[in-house]
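These notes are about the structure you will find just below.
Read-outs throughout are calculated quantities, based only on the coordinates presented, and are distinct from any laboratory measurement. Keep in mind that what you see is a predicted model, and the values were worked out from it rather than measured. Neighbour counts run over all protein chains shown; Cβ positions are idealised from the backbone, glycine included.
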Amino acid sequence: MSASDRRDTPENPQRRARAQTHLWVAQRLTAMVLGLAVLVHLATILVAVRGGLSAAEILERTRGNGAWLAFYAVFALAAGLHGAIGLRNIAAETIGLRGRGADLAWLAIGLLTAAFGIRAALGLYA
Amino acid sequence: MAEPACLKVSVWRGGADGHFARYEVPARENQTVLDVVTHIQRELDPSLAYRFACRVGMCGSCAMTVNGRARWTCRTHVRKVVGAGGELELRPLANLPVIRDLAADLSPFFDKWQRAKGHFEPKDAPDGAVPEDFAVVPPGSKARQEADAGIECIGCGVCYASCDVVAWNGDYLGPAALNRAWTLVNDVRDGACAQRLDAVAGDAGCHSCHSTQSCTERCPKNLDPSAAIAGLKRRLFWDTLLGRR
Ligand code: HEM
Ligand code: SF4
Ligand code: SF4
Ligand code: FES
């Protein structure tokens, strides 16, 4: 495929450029959230495994713990969006997948991934 | 290491679907790659097409791919790049259409320079009128230093030919145009900042750059287009977050 075959065909270039800028900003913001969240996550793991790890022990910590649920919901949302936007960039550069439709699909994939993560957290909360 | 008496030069001939032709050129003590090309054209094959003007690193027209790397041929000594057996491989600049032989078509490069609004638009002087007074620009101010850092670009296209994102995305404006845009964003006399920032935002603009710095590494003027692009990203990040655009 030549470079010219891979061009986007924007209906309104300025609006498209703004939407693309928003995706970029979202990826940097979610990266910052992930950077912090990964540290908290690692610290939680270190604390949690002290003295062994059992299902009952985990559930005891997570059941009804609103702060815990809120943290993992934000974590999952950031990871889902960040990963999907990153894959969008890779797909654009390697297989030339570009355009508004693709962007909406990536957004949907990101939110869906986040929803799976949040559902898992809810399972431990409820 | 003994210098080989003869250079074995492979030169791209024809258009995009051309081929390499082989020439033997006498090796000399002090010889630039441009000297080698000129020798081939004058002594061996007058039909060879290539481009040069100043021969001293000022005009930027002699850039080619030398042993796989974009360089100014007039400022590249053969002994710095030649293979052990005297091999030299010359192609036109990458990421651009080939006109013929070693001449690449730079129109896309300069078109993108325009698309990035790479020209000065005087704030105080609409319609090209001469301003009433001189603008006062303190040379030590942060904005002026940012502009000065990138102002010496001569548009040779070496960075453009060295950037993978240009190869992957036909719309990407590329390091030189974005570097130029950043110098103008920092020019306090310029009145088109908002439009320029719009022009360099998004997938065709600064947001596709991965900060890999091939442009910075290869720029023969030692400019830092990668840092300029980071500046554009920073500016657009805060302008977007704070609703300034
Ligand atoms: C510590 C947390 C993380 C930080 C600080 C971080 C940071 C970044 C940054 C700055 C980029 C942009 C790179 C570029 O434009 O060249 C990026 C890209 C990317 N990230 Fe992350 N990331 C993190 C976690 C993750 C996670 C958990 C995933 C998977 C879900 C992920 C998947 C990706 C992908 C696929 C890309 C695209 C690669 C690219 O555009 O070059 N990242 N990340
Ligand atoms: S830093 Fe950006 S512009 Fe420079 S070569 Fe890398 S991707 Fe291209
Ligand atoms: S930034 Fe450097 S390499 Fe790129 S066009 Fe300007 S002078 Fe040439
Ligand atoms: S001929 Fe002018 S820069 Fe090389």
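Descriptive notes on the structure:
- Residue separation of A:N12 and A:V49 scaled by 0.36 nm, minus their Cα-Cα distance, works out to 8.0 nm of gained length.
- Kyte-Doolittle at least 1.0, axis length at least 20 Å by Cα - qualifying DSSP helices, chain A: A:66-95, A:100-125
- Share of pairwise Cα separations in the stretch A:59-126, more than 20 Å, in percent: 39
- Largest-first ellipsoid semi-axes for the stretch B:6-104, taking √(5λ) over the Cα gyration tensor eigenvalues, angstrom: 18, 16, 13
- FRET efficiency estimate (nearest 0.05) - Cβ-Cβ, B:A194 to B:F110, R0 22 angstrom: 0.40
- Cα-Cα over 20 Å, subset of B:K142/B:K233; B:K8/B:K221; B:K123/B:K233; B:K117/B:K233: B:K8/B:K221; B:K123/B:K233
- The slack between B:S141 and B:A84, meaning 0.36 nm per residue of separation minus the straight C-alpha distance, is 15.6 nm.
- Mean shadow area of the stretch B:35-154 over all directions, Cα convex hull, nm²: 11.3
- Under the combined filter of DSSP loop state and at most 13 neighbouring Cβ atoms within 10 Å, the stretch B:1-62 retains these GluC sites (Glu not before Pro): B:E29.
- Relative contact order (percent, whole number), the stretch B:6-104, Cα cutoff 8 Å, 6+ residue spacing: 35
- With eigenvalues of the C-alpha gyration tensor scaled by 5 and rooted, chain B, Å: 39, 18, 16
- Antiparallel bridges, percent of DSSP beta bridges restricted to the protein assembly as shown (to nearest 5): 80
- Distance from the alpha carbon centroid of the stretch A:49-96 to that of the stretch B:8-85 works out to 56 angstrom.
- With only the Cα atoms considered, the stretch B:107-241 has a convex hull volume of 113 Å³ per residue.
- Additional length obtainable on full extension of the chain from B:A21 to B:N67, 0.36 nm per residue less Cα span: 15.1 nm
- Size descriptor, Kirkwood hydrodynamic radius, that averages inverse alpha-carbon separations across chain A, Å: 16.7
- The GluC sites (Glu not before Pro) of the stretch B:65-163 that DSSP puts in a loop, and whose beta carbon has at most 12 other beta carbons within 10 Å, are B:E132, B:E152.
- Computed on the protein assembly as shown, the Cα convex hull volume stands at 223 Å³ per residue.
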